[in-house]
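The values are calculated or read from the model by the stated rules, or taken from the named source; none is laboratory data. Remember, it's a predicted structure, so these values are computed and weren't measured experimentally. When we count neighbours, we look across all protein chains shown, and the Cβ atoms used for this are built from the backbone with ideal geometry, even at glycine. Note: accessible area is taken over every heavy atom of the protein model, side chains too, but ligands, DNA and RNA are not part of it. Shrake-Rupley method; radii C 1.70, N 1.55, O 1.52, S 1.80 Å.
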Amino acid sequence: MGKRKKSSRKPGAPSAARRKEPLDTTFTCIFCQHDKSVSVRVDRKEGVAQLICKVCDQRFQSKVNHLTEPIDIYSEWIDAAEAAELES
């Protein structure tokens, strides 16, 4: 009987496959079509997120929880704009 083989992977080093890519906080405006003109600020303490376009000054506000990310607010804004367009 022999000894177990020692692992070649070091326990403290994160692998390249596990590294998380940071999510975007700036997006394309759906009204003026400018790239990276929409910024999202999430205030978890207040429970509110604000989305603002720097070019056309479109604004959107939504409630957030501890799992909400800026891309979620951007998606809610797109859904709200489509729903408003269908109503009119």
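Work out how much length residue 79 to residue 65 would gain on full extension: take 0.36 nm times their residue separation and subtract the Cα-Cα distance, in nm to one decimal.
Extra length from residue 79 to residue 65 when fully extended: 3.2 nm.
What's the extension gain from residue 50 to residue 86 if we count 0.36 nm per residue and subtract their Cα-Cα distance?
10.6 nm
Taking the Cα atoms only, what angle lies between the long axis of helix 70-87 and the longest principal axis of the chain, rounded to 10 degrees?
30 degrees
Provide the gained length on full extension for the span residue 33 to residue 57, in nm with one decimal, where the gain is 0.36 nm per separating residue minus the Cα-Cα distance. Before the final figure, lay out the partial values.
On the way: separation 24, 0.36 × 24 = 8.64 nm, distance 1.25 nm.
That works out to 7.4 nm of additional length.
How much net charge surrounds residue 53 when only other residues with a Cβ under 11 Å from its Cβ are counted (Lys, Arg +1; Asp, Glu -1)?
Value of the local net charge: +2.
Where the accessible area of the chain is counted over protein heavy atoms with a 1.4 Å probe, how much of it, in %, is carbon and sulfur?
50 percent
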